[in-house]
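Before any comments, here is the structure.
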Amino acid sequence: MAIGAGILRVPKEAKKGEIIRVQMVITHPMSPPRKDPTTGQEVPPHTLTKLELLFNNKPVSTVNMGAGISANPFMAIALKVEESGVVKIAYEDNKGGKWERTAEIKVS
Amino acid sequence: MDRRKFMALSALAVVGFTLAPILQPAFGSTPRLEDELQRRLGVRLAQIKEVADIKLTAPTIAESGANVPITVESTIPIDRVEHLWVFVDKNPVPWIADVKLTPMNGQVYFSTRIKMGETSNVRAILKLKDGSYVMATKEVKVTAGGCG
């Protein structure tokens with residue numbers, strides 16, 4: 001998969017006021033700054049830096065991260081749902097990449 | 001220098017040398033972590049209280065340091081919590097991630113997979129609304145490092 005591709009997963013249905021788990025996996029190398037073992041040249045880091053979680057376009061959480069997160073990061077965050085809507089994640093990396101994923105949830 | 005003075009000084013020196021390695025760990029065992037805490041949180045490790053109502057789940061022994069699953073949960077009501085940090089004491093960069101939490105989260109819950117260079121403590125630190133910091137610590141033994 002290409003860098004920045006992501007899967008966002010939420011339950012299809014939930015009860016009003018239920019606390020759900022928002023799970024995501026993003027394809028990204030998350031490589032730290034390092035020296036190339038053969039040429040000795042400095043290789044700059046390439047990591048995701050920021051991920052925002054929104055529900056119906058209202059900000060819920062912001063995750064700041066660095067190279068300490070494993071490659072192809074997996075994350076799970078709690079979200080309390082009071083109404084049906086769209087869960088969105090927007091994330092960016094240190095090389096200017098910006099992506100978004102959405103998932104719908106029905107709340108009864 | 002007379003003999004008595006010399007004896008006293010050398011005795012002091014011996015005491016100094018033997019004590020130095022013992023005193024060292026107490027102050028300098030995790031200088032990188034202290035620096036990072038000072039920069040990102042503005043507090044020292046000693047100012048953060050260890051509490052039982054944060055649950056930090058991580059393996060006791062990790063097969064690979066490249067992929068260590070951790071989960072932070074807390075029974076502290078979300079209204080009282082502002083921010084969450086994850087640190088690994090002995091990583092080249094101890095700061096792993098931080099999460100801004102809002103009441104819309106409903107609960108303190110954050111799960112991810114982290115890299116660890118060597119056997120070290122993992123810390124989950126919460127900033128509460130009243131400005132105080134609390135944390136949970138767990139040691140994870142790493143058999144193969146995961147940095148680089």
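Scanning the range B:77-98 for residues that are of a type in the set (V, I, T) and either more than 7 Å from chain A (Cβ to nearest Cβ) or out of contact with any helix residue (DSSP H, G or I) (no Cβ under 9 Å at 6 or more places or on another chain) (or both) yields B:I78, B:V81, B:V86, B:I96. Select from the range B:99-120 the residues that are within 10 Å of chain A (Cβ to nearest Cβ), among the hydroxyl-bearing types (S, T, Y) and open to solvent by less than 30 Å² (accessible area, probe 1.4 Å) and list them in ascending order. Correct list: B:T102, B:S111, B:T112. Checked against (1) hydrophobic (A, V, I, L, M, F, W, C); (2) surrounded by fewer than 17 Cβ atoms within 10 Å (Cβ to Cβ); (3) over 16 Å from the mean Cα position of the chain (by Cα), B:I78 passes all but a single condition, namely (2). Determine whether A:M24 is crowded, with 19+ Cβ neighbours inside 10 Å, in a strand (DSSP E or B) and touching a Gly at 6+ places or on another chain (Cβ under 8 Å). So A:M24 fits the description; yes.
Residues considered: A:E52, A:E82. Of these, the only one that is facing chain B (nearest Cβ under 10 Å), acidic (D, E), touching a Pro at 6+ places or on another chain (Cβ under 8 Å) and closer than 19 Å to B:M104 by Cα is A:E52.
Residue count for the range A:85-96 satisfying the condition of being within 14 Å of chain B (Cβ to nearest Cβ) and assigned to a loop (DSSP other than H, G, I, E, B): 1.
The values are calculated or read from the model by the stated rules, or taken from the named source; none is laboratory data. These figures come from a predicted structure and were not determined experimentally. We place every Cβ from the backbone using ideal geometry, glycine too, and count neighbours over all the protein chains shown. Note: accessible area is taken over every heavy atom of the protein model, side chains too, but ligands, DNA and RNA are not part of it. Shrake-Rupley method; radii C 1.70, N 1.55, O 1.52, S 1.80 Å.
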